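Take a look at the structure set out below.
The values are calculated or read from the model by the stated rules, or taken from the named source; none is laboratory data. Source: prediction; values computed, not measured. Quick reminder, even Gly has a Cβ in these numbers, built from the backbone with ideal geometry, and neighbours come from all protein chains shown. What goes into the accessible areas is simple: the full protein's heavy atoms, side chains included, and nothing from ligands, DNA or RNA. Shrake-Rupley method; radii C 1.70, N 1.55, O 1.52, S 1.80 Å.
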Amino acid sequence: MAPPLLNLDGIRLTFGGTPLLDGAALSASAGDKIALVGRNGSGKSTLLKIAAGMIEPQDGEVFRQPSATVRYLPQMPDMDGFANVRAYVEAGLGPADDPYRATYLMEHLGLTGEERPNDLSGGEARRAALARVMAPEPDILLLDEPTNHLDLSVIEWLEEELARTSSAVILISHDRRFLERVSRATVWLDRGQTKRLDKGFGHFEEWRDQVLEEEEREQHKLGRQIVREEHWLRYGVTARRKRNMRRLGELQTMRQRFRSHRGAEGTATLVASDAAESGKLVIEAKNIEKSFGDLTVVKGFSTRI
Ligand SMILES: Nc1ncnc2c1ncn2[C@@H]1O[C@H](COP(=O)(O)OP(=O)(O)OP(=O)(O)O)[C@@H](O)[C@H]1O
Ligand SMILES: [Mg+2]
């Protein structure tokens, strides 16, 4: 495998509350065509901005090969200070880049180059930004929603351009057909973490469902294991005799893992039912606390059964 041009690892970023990125990774080598996917608000744009060097993560490793050129297509281009589209697009070229490429791209994107920034529609501004990032044929091309405002014929042209380019491309797009046709690998950002599939987006959904089912099974298994351990510690003869600290410690770790599991987001149906109290009072406990040495296993526990 070619050495990576870009490697992000263990990326953490929190904007208050639940971490947005919680150990995310993203890596690209020459010629890679990667779809970066995840639910709305899962942090895709933020991760791409970190890859582009526009945002610093709070923790994690960001490696960009020092000689690699990087271009990033933002969701909102800023054309302030440029006389016309041509000036804006050509300002994206490096000293050794061929200006013809800028002309070629503007032409295919339906721009003459003479348009003035203030007169552009949202769609024209995005097309200008696309020409600007693609013109220098960068080593790493980061595209956030490149097909927004594009006609189908232009999208098809873009698919071919991206298939041809030797740039490593990382794409965010809600356009499933476009992702399917361009990507050769898929990175799934979910609950702050990433998983990578070395196949295009066409294979994503089946794979994601398998991953989620496996996770569900693991969590269920862990839950059952905790119940067994609790039973052993409570009733096991050996446990009572030795007060097996190691197993107790392991149980704590399992409980921690069980609790810290962030379930996949989906739709949940909650039904609350209200039943009248019935039967005899079996237990009423208030503020129970129990420790083994320094290890507190129960604190502030109250119940009524
Ligand atoms: N600078 C910031 N300060 C506070 N919150 C932010 C900041 N940047 C992003 N966020 C929040 O982080 C979350 C993820 O944003 P981001 O734009 O990265 O997600 P996304 O996956 O690209 O979403 P979409 O699919 O809607 O484009 C959002 O809830 C957003 O409001
Ligand atoms: Mg986004």
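Worth pointing out:
- Annotation: peptides 204-214, 63-73, ranked by per-residue average of other Cβ atoms within 10 Å with the highest first, follow the order 63-73, 204-214.
- Solvent exposure of region 6-203 amounts to 46 Å² per residue of accessible area, where only protein heavy atoms count and the probe is 1.4 Å.
- Accessible surface of the chain [probe 1.4 Å, protein heavy atoms]: carbon and sulfur percent: 48
- Theoretical FRET efficiency, 1/(1+(r/R0)^6), r = Cβ-Cβ of residue 155 and residue 258, R0 45 Å, to 0.05: 0.50
- From phi via Karplus (6.51, -1.76, 1.60), per-residue ³J(HN,Hα) for region 179-188 in Hz, x at Gly/Pro: 4, 4, 7, 9, 7, 10, 8, 9, 10, 9
- Stretch gain in nm, segment residue 175-residue 283, where the contour uses 0.36 nm per residue and the Cα spacing is subtracted: 33.1 nm
- Modelled FRET efficiency - R0 51 Å, residue 196 with residue 118, Cβ distances, 0.05 increments: 0.75
- Where only DSSP H runs of four or more residues are counted, the chain gives -11500 deg cm²/dmol as its mean residue ellipticity at 222 nm, each run worth -39500 (n - 2.57).
- Relative contact order of the chain: 18 percent, from C-alpha pairs under 8 Å at least 6 residues apart in sequence.
- Normalised convex hull volume, the chain, alpha-carbon set, Å³ per residue: 212
- Evaluated with a Cβ-only charge set (Lys, Arg +1; Asp, Glu -1), the chain carries a dipole of roughly 2620 debye about its Cα centre, given to the nearest 20.
- Short-range pairs are left out: with C-alpha atoms under 8 Å and at least six residues apart, the relative contact order of region 110-264 is 14 percent.
- Over region 99-172, Cα pairs under 8 Å with separation of 6+ residues give a relative contact order of 34 percent.
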